[in-house]
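Beneath this line is the structure, given in structure tokens, with notes to follow.
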Amino acid sequence: MIIQDQWKLQYFNSGEKRALEVAHPDFIDHFWMTAKVPGDVHSTLLEKGLIEDPFFGHNDQKCRWVEEKEWWYRTEFFYHDSIDSEERVELTFEGLDTFATIYVNGLEVGSTENMLVEHTFDITRVIQMGRNVIAVKFDPVWLVTKEKQQISWSGFARERAWTRKAQMNYGWDWGPRLLTAGIWKPVRVEKKQSVKLDSVFATTSAIEEKKAIIDVEVNLDRTRFGRGKEVSVEVQVRDEGETFTQQAVMSDTQSILTIEVPEPKLWWTHDLGEPFLYDLEVKITDSEQELDRYSQKLGIRTIKLEQEDENGNKLFCFKLNGVRLFAKGTNWIPVHSFIGAAHDDRYKKLIQLSKESHMNMLRVWGGGIYEKDVFYQECDRQGLLVWQDFMFACALYPDYNQNFMKNVEDEIVKAVKRLRPYSCITLWCGNNENDWLWEVEVSSGRIDDPFWGETIYHDLIPSILEKMDPSRFYWPSSPFGGNDHDSEEEGDRHNWQVWHGNIEPRKFGDVPGQDYSVEGVSFKNYKKDFTKFSSEFGMHASSNRYTLERNIPEGQFYWKSDEMSYRNKDYHHQKGILLMEGYTGIPQDIEEYMNFSMLTQAEGLKCGIEHYRRNKPNTSGALVWQLNDCWPGTSWSMIDYDLLPKASYYYAQKGFFHPLLATLDHDVGEPLKFWFVNDTLEPVEDEIVIEVQTFTGEVVWKEKVPFTCGANESQFVVEYTEAEVLGGASASEVVVRLSSGSGTFPENIYYLRDHKDLALPEVSLSVELNQAEQTITISTDQHARFVKIDIPSDQLIYSEQFFDLLPGEQKVIHVRHLEGHEVSLNKVRVGCLNGKAILIDE
């Protein structure tokens, strides 16, 4: 029974009301507001008009009072099932945010202090036939943390390290402080037998030439009535046409049943094959009845982390079904500041967009949540791997406190038990940046504390995983490894030389430094990085016009306004200016800011990712910080809050994440080095057509270079000097276009000088709209740089966007909405960096 209707919500000052009074079944709650469950307090207040939209302007400051109050939820449900002596009734909250006390029919049945995992209460003795009342009290966080020791290092908020809730709720450098409370996941009441399924964990123990061997671990939960009772367990693995079955009799709490699947269909990432999923079902019965049943999707696959190659060289390379892959993807943050109110469709759309841009891995970052089931289900279904952090980020955590550690242990066990069945889970990681940044903080002299939290990542978590999931690799932290935890020599790395200006390399004990200069933060520094796996790197870009305009008060939508500045939560705003100064020049107005920041991010990520991919397999992964936004701000995201991709997303889709990549490595005055990267499992034989033409369309040099690139390889092809390819033309007046002789791989475009140094002509664009076909046709007289389409709507996807258009070319752009409905082309703005925008207002 799902308990989601008739919930009511009210607040009091802390201590204003006696808890037993409010929890009593006869307490008068007639005048309380209605509330959606799952949901949260802020979303309810916003829906009722009791707070202004916290994402608009500075309104998040207006609702800070919400975190100070004591919040109560109440509902009633009716129960009429009989309860036998060997049966029990359980009340399960899949998510309570955070310090909650639960009452059933006025009786306190338990309390919680962890938002991140589910909580189950046996209510067999308190449930009544007929009407029942559930009341849940949420204490404000400050009430719990006010007497706790102040943690010396805890980014963005000192008190957060004591609370097991989404750490980003306290504010981060890409989102505001919005300290949520509420019932953020489903609630259910279930009748269970004396023996029930506690968990099921299926692993692929071997893939042989003509069969796969699946071990299915079945764990039972037995009450005093079920101890020693024999039950039958049946496990089935099914595809469309066949069923494979194994049975056993259990009198204990655990059994492992082995099933052989002949001619197995393997689960692959979408770029290497089909992410095929079998149906796994487990049921337990006694001589009289079925006691419990469990089902899931199952991918047959093996996943290993290779840390040394056959010659003893360091690697950090994932092998899926024995095949090395280059991990291409992003870091995933919570999809919304109000996680409980976020719809499943938002998850499905973001993962679909990830797949469409050729990503094959997402990293669930450690300052958010163990994601909702829909996230992992979609990654399983769509074929994306998941790097899973545990929820510890950028702080010391009080592992010296026994109560805290008991809470954490319960969390880890529950999180692993819930997530381990998903085929997409690739690696467990202990924390985000704690090992690295603690050592940096100590070396800088800013703190002298012990490494509080170390026992969590280096003792507690690995000991739990050794028992619960030895099938996957555990990595203590990210980044980790080498003579500095952020070393390029081994393990994974977070490259924050670009953007943050970190001075690299350094070693343990070295005083860290930062270089806030054009050269210090430049994305060209990516090409100095020969990391084994780049698990975080990136730079800011503006959100799209629609997203910004609808969240900024009237009169404030201009460059350097206070409201525009408030969109940027990274308080060193000069870093973005320095990046643009080095590549595009400093913007002079809001239009230039949107364009320059997006172009710099797109070209910067292109520079870094193509470098990393050329270096495969020495470098075996590139995970951009970050995919998505939780609110409409300026951040490192590739897709903004309104699900409008930025320029970098389209660069990835048409270029730097494509499995077949023709790429140019070039520095000013140096030779042009052409490479081909093949991430597929088939060799490629083709020719790279290299064409250099002026911005007016004159071809000054052209060459067709045949090449062969083996399966899953990076191959140097050829090099030429600048003088050879320029044919007497100026390097600031030409574009280099790489294309396929046979149409095998997509076109790629390069410039031999930074954007600010290009002599781009003033161009005139021509635009035609076709409402019926949902197309926009664009042509140009001369070279058009960074053509951009603006339509005032969210969730729009273009077949091409933020592209360059060569003289005489015409592109037909298809527009679609993620909801599938027709897009109005009544108001379309089309512009480019070197031409006036055309506004069509029909």
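Results, tabulated for the structure shown:
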item	result
Rh (Kirkwood; distinct C-alpha pairs) - segment 578-639, Å	13.1
Residue exposure sequence - Leu362, Leu20, Leu272 - by fewest surrounding Cβ within 10 Å	Leu20, Leu272, Leu362
Whole-number D in µm²/s for segment 241-312 (Stokes-Einstein; Kirkwood sum over Cα pairs; 4 °C, 1.567 mPa s)	83
Rounded tilt (10° steps) of 373-382 against the dominant C-alpha axis of the chain	50
Spatially proximal lysines relative to Lys704 (Cα-Cα < 18 Å; intrachain offsets below 8 disregarded)	Lys673
Relative contact order for the chain, counting Cα pairs under 8 Å that sit 6 or more residues apart, in percent	9
The chain: calculated mean residue ellipticity at 222 nm from DSSP helix runs of at least 4, using -39500 (n - 2.57)	-4500 deg cm²/dmol
Equivalent-ellipsoid semi-axes of segment 476-558, from the Cα gyration tensor, Å, largest first	33, 15, 11
Pair-distance profile P(r), taking every C-alpha pair of segment 717-800, with 10 angstrom steps and integer %	12, 34, 34, 16, 5
Per-bin percent of Cα-Cα distances, segment 765-841 [5 Å]	3, 16, 30, 27, 15, 7, 2, 0
Inverse mean reciprocal Cα-Cα distance (Kirkwood Rh) of segment 118-187, Å	15.1
Inter-probe distance in nm under a simple model that places probes 7 Å from Cα toward Cβ, at Thr285 and Ser766	7.4
Cβ-isolated cysteines (cut-off 4.7 Å), the chain	Cys63, Cys317, Cys394, Cys429, Cys607, Cys630, Cys709, Cys832
Diffusion constant of segment 322-653 at 20 °C, which comes from Stokes-Einstein with the Kirkwood Cα-pair radius and 1.002 mPa s, µm²/s	104
Straight-distance crosslink candidates among lysines, where the alpha carbon sits under 16 Å from Lys560 and sequence neighbours closer than 8 are dropped	Lys569, Lys575
Positive dipole terminus of the chain, leading residue within Tyr566, Ser487, Leu320 (C-beta point charges)	Tyr566
Cα long-axis angle, helix 402-419 against the chain (0 to 90 degrees, to the nearest 10)	70
Only Lys, Arg (+1) and Asp, Glu (-1) charged, at Cβ; segment 1-46 dipole about Cα centre in debye	60
Computed over segment 594-698: relative contact order in percent, which uses C-alpha pairs under 8 Å that are six or more apart	20
Charge dipole of segment 142-207 about the Cα centre (unit charges at C-beta), most positive-ward option of Trp184, Ile207, Gly155	Trp184
Förster radius 45 Å - calculated FRET efficiency between Arg829 and Trp32, Cβ distance, rounded to 0.05	0.45
Check: the chain dipole with +1 on Lys, Arg Cβ and -1 on Asp, Glu Cβ, in debye	1260
Rg(Cα) / (2.2 N^0.38 Å) computed for the chain, rounded to two decimals	1.00
Extension reserve of the Phe473-Ile749 stretch, reckoned as 0.36 nm per residue once the Cα distance is removed	95.5 nm
Where GluC sites (Glu not before Pro) fall in DSSP loop in segment 514-600, at most 16 other Cβ within 10 Å	Glu554
Fraction of alpha-carbon pairs over 26 Å apart in segment 392-540 - percent	33
For segment 8-191, radius of gyration divided by Kirkwood radius, i.e. Rg to Rh on alpha-carbons	1.00
Furthest towards positive pole of dipole, Trp428, Ser471, Trp496, structure part segment 322-653, Cβ charges	Ser471
Pairs beyond 21 Å (Cα-Cα), from Lys192/Lys372; Lys304/Lys524; Lys328/Lys606; Lys229/Lys414	Lys192/Lys372; Lys304/Lys524; Lys229/Lys414
Integer Hz, Karplus 6.51/-1.76/1.60 couplings in order for segment 97-109, x for Gly and Pro	10, 9, 8, 10, 10, 10, 10, 10, 6, x, 9, 6, 9
Alpha-carbon Rg/Rh ratio, for segment 662-757, with Rh computed the Kirkwood way	0.98
Dipole magnitude of segment 8-191, debye to nearest 20 (Cβ charges: Lys/Arg +1, Asp/Glu -1, about Cα centre)	460
Residue exposure sequence - Phe657, Phe156, Phe716 - by fewest surrounding Cβ within 10 Å	Phe716, Phe156, Phe657
Full-stretch length increase - Asp589, Met1 - with 0.36 nm per residue and alpha-carbon distance subtracted	206.0 nm
Kirkwood-Stokes translational diffusion coefficient of segment 391-446, alpha-carbon pairs, 4 °C, 1.567 mPa s, µm²/s	97
Cβ-based exposure ranking for Leu46, Leu325, in which fewest neighbours within 10 Å come first	Leu46, Leu325
Spatially proximal aspartates and glutamates relative to Lys36 (Cα-Cα < 17 Å; intrachain offsets below 8 disregarded)	Asp5, Glu47, Glu76, Glu94, Asp97, Asp344
Inter-label distance, nm, simple model (7 Å from Cα along the C-beta direction), Glu306/Ala248	3.4
Degrees, to the nearest 10: 434-444 long Cα axis against longest axis of the chain	70
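Each reported figure results from applying straightforward, stated rules to the coordinates on display, with no laboratory input. A quick note: this is a predicted structure, and the numbers were derived from the prediction, not measured. Reconstructed Cβ throughout: ideal geometry from the backbone, glycine too, with neighbour counts over all protein chains shown.
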